[in-house]
Amino acid sequence: MTTLDVKADFPILEPDAERRRIIYLDSAASSQKPRQVLDAVRRFYEVSNSNVHRGAYDLAVRATKLYEEARCKVTEFVGGYDSRGVIFTRGTTEAINLVANSWGRDNVRAGDTVVITALDHHSNIVPWQMLAKQQGAAVRMVEVTEDGRLDLEDLRAALKLRPKIVALNYVSNALGTINPLPEIIPLIHEAGAVVLVDGAQSAPHIATSVSDLDIDFYAFSGHKMLGPMGIGALVARPELLDEMNPYQGGGEMIQEVGDEQSTYADIPAKFEAGTPNVAGAVGLGAAIDYLNDIGMDAIHEHETGILHLALERLSDIPGLKVFGPDEERAGVLSFALDDIHPHDLATVLDQEGVAIRAGHHCTQPLMRRLGVQSTARASFYVYNDESDVEVLACGLEKAKEIFSYAA
Amino acid sequence: MDVRELYQQVILDHNRRPKNFQLLDGASHRAEGYNPLCGDRIEVYVEMKGDVLTDVSFQGSGCAISKASASLMTEAIKGKSRRHAEELFESFHSMVTARPGEATKKNELGKLAAFDGVREFPARVKCASLSWHVLKAALRCNSETVTTEE
């Protein structure tokens with residue numbers, strides 16, 4: 001059973017004369033935006049647009065207030081330590097790169113170890129590989145189990161290397177696996193490491209408290225949680241950020257600029273060089289309001305309902321194989337059908353108006369371990385319902401019919 | 001457009017049972033192609049005698065479009081002169097990238113005309129043309145990996 005009925009809030013999902021109906025099942029890549037978010041962004045540009053933190057005039061005061069309100073909303077939404085510990089970034093990728101470049105360069109030295117996992121997205125792998133290469137440190141990748149869960153035994157083994165940092169996701173974008181952070185994070189801290197959690201797939205779907213979970217760095221993107229593209233945040237312990245060097249230099253992040261050297265602003269401004277994406281932050285704030293109105297628990301229940309419905313309906317299709325764990329998974333369904341290539345599946349489904357993702361999902365280390373080059377992936381969000389699952393299933397049956405013809 | 005116009009019978013057949021799908025011992029030219037978007041990889045082997053492509057084969061993994069395209073390509077160019085193969089590439093490429101209503105050399109392409117429907121599916125043009133790009137790289141005596149992102 002699915003419980004939410006919010007499709008009408010999403011203009012892009014409305015069929016019109018020129019456009020076919022869209023069954024959007026690729027929210028793990030990017031979510032659609034409700035009218036409330038689109039309106040907030042538009043309203044900002046229409047009535048409050050100006051640069052922040054500098055003008056003495058009313059518009060600038062208004063823009064600054066909206067920007068800082070958005071920071072407070074983010075802090076509350078993810079249970080951050082305080083709003084000084086929320087840095088606006090372009091998204092998850094930039095937030096992780098910020099930590100790798102700033103915290104990483106000062107704390108990871110030759111001979112040290114950085115722990116990453118085979119369940120992670122390239123954006124939480126490559127920055128650490130780059131850092132390790134620069135610093136002469138080692139990268140240790142934690143293995144996954146056959147059903148796509150993090151191998152906790154292997155994590156324990158990796159922690160024996162006394163790594164400086166462990167970077168892992170909360171929810172896998174490729175499989176939907178939910179990592180047991182309450183169990184894992186104390187182990188990481190006991191081993192003396194700092195933890196960075198990629199929250200790109202958790203922030204949109206799971207009520208999270210960064211401070212309750214004792215997360216040191218938490219990165220997420222606005223565009224996967226109904227917000228605009230190009231805005232996201234790094235949520236961190238303020239005392240860690242205080243000690244860190246700036247990531248980028250420029251306006252906004254300084255206290256005083258001398259001829260030879262400068263002093264830096266306090267956090268969060270220290271990490272927000274240049275004109276920020278104010279409209280994006282305002283849109284993200286509106287997305288958070290929208291999600292809070294529905295309630296994160298209701299969203300999780302809705303998605304779990306659709307996931308189980310889909311798992312059941314798709315199990316009727318012979319030759320369909322689902323990747324990932326049976327339990328503890330978010331609304332992500334990675335699958336293969338017979339020996340049909342995922343791109344061919346995606347093309348057939350696209351003709352039915354169904355948008356799924358086919359590919360390696362920026363998780364090539366995971367794909368290698370699953371023994372595939374790519375998978376087909378359907379991912380669900382607030383606007384999906386039973387009928388979407390049925391259209392998906394019928395599309396897959398059609399693909400099966402087309403490709404079995406030559407058998 | 002119906003998706004069956006893309007997945008024509010000849011394409012489905014060659015996907016299921018690709019021709020010349022093996023390593024070619026004694027190949028004088030080879031190249032590898034890679035599509036970073038999907039992770040698909042293909043290798044094309046050519047045995048040249050003088051100016052003639054006396055034998056051609058391919059290996060790798062990919063979607064139905066890319067596999068069938070590679071298979072049909074090897075059939076089409078085997079025994080042909082290098083120049084003829086390059087002309088086929090030009091005709092094939094202009095067919096799969098033609099805009100609606102634009103004239104193509106479909107009629108000169110024989111079985112390769114089965115890929116005419118690809119132009120209606122812009123996301124799949126790279127799949128159809130990958131093996132041809134790899135062939136071109138092989139004939140340049142280029143042993144590096146070509147990608148669809150060139």
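The values are calculated or read from the model by the stated rules, or taken from the named source; none is laboratory data. Treat the numbers as computed from the prediction; the structure is a model and nothing was measured. Positions of Cβ are backbone-derived with ideal geometry, glycine not excepted, and every protein chain shown enters the neighbour counts.
A few points about this structure:
- Here B:K111 qualifies as under 17 Å from B:I65 (Cα atoms), among the charged types (D, E, K, R) and in contact with a Leu (Cβ under 6 Å, 6 or more places away or on another chain).
- For B:G50, the conditions (1) without any contact (Cβ under 8 Å) to a residue 40 or more places away in the chain; (2) within 14 Å of another protein chain (Cβ to nearest Cβ) are fulfilled apart from (2).
- Assessment of the range A:47-57 against the conditions (surrounded by 14 or more Cβ atoms within 10 Å (Cβ to Cβ) and either under 30 Å from A:A378 (Cβ atoms) or within 23 Å of the chain's Cα centre (by Cα) (or both)) yields no matching residue.
- Residue in the range A:150-166 that is out of contact with any Leu (no Cβ under 6 Å at 6 or more places or on another chain), closer than 24 Å to A:V322 by Cβ, surrounded by 15 or more Cβ atoms within 10 Å (Cβ to Cβ) and free of Cβ contacts under 8 Å to residues at least 12 places away in the same chain present: yes
- Qualifying residue in the range A:17-24 (condition: touching a residue at least 60 places away in the same chain (Cβ under 8 Å), assigned by TED's automatic domain parsing to the domain that holds A:E303, loosely packed, with under 14 Cβ neighbours inside 10 Å and not acidic (D, E)): yes
- Residue identified as aromatic (F, W, Y), buried (at least 24 other Cβ atoms within 10 Å of the Cβ) and either modelled with pLDDT under 90 or closer than 20 Å to A:Q373 by Cβ (or both) among B:F58, B:F92: B:F58
- Considering the range A:309-363, and only residues there that are away from every other protein chain (no Cβ under 14 Å) and basic (K, R), the residue that is farthest from the chain's Cα centre (by Cα) turns out to be A:R313.
- Candidate set: the range A:118-142, residues that are charged (D, E, K, R) and under 17 Å from A:R368 (Cβ atoms); chosen: the one nearest to the chain's Cα centre (by Cα): A:D120
- Only residues that are crowded, with 16+ Cβ neighbours inside 10 Å, farther than 12 Å from A:I340 by Cβ and more than 10 Å from chain B (Cβ to nearest Cβ) were counted across the range A:364-392, and they come to 17.
Here's the yes/no breakdown for (1) more than 25 Å from A:R357 (Cα to Cα); (2) hydroxyl-bearing (S, T, Y); (3) more than 9 Å from chain A (Cβ to nearest Cβ):
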| residue | (1), (2), (3) |
| --- | --- |
| B:R4 | no, no, no |
| B:D13 | yes, no, no |
| B:Q22 | yes, no, yes |
| B:G33 | no, no, yes |
| B:G39 | no, no, no |
| B:C63 | no, no, no |
| B:E90 | yes, no, yes |
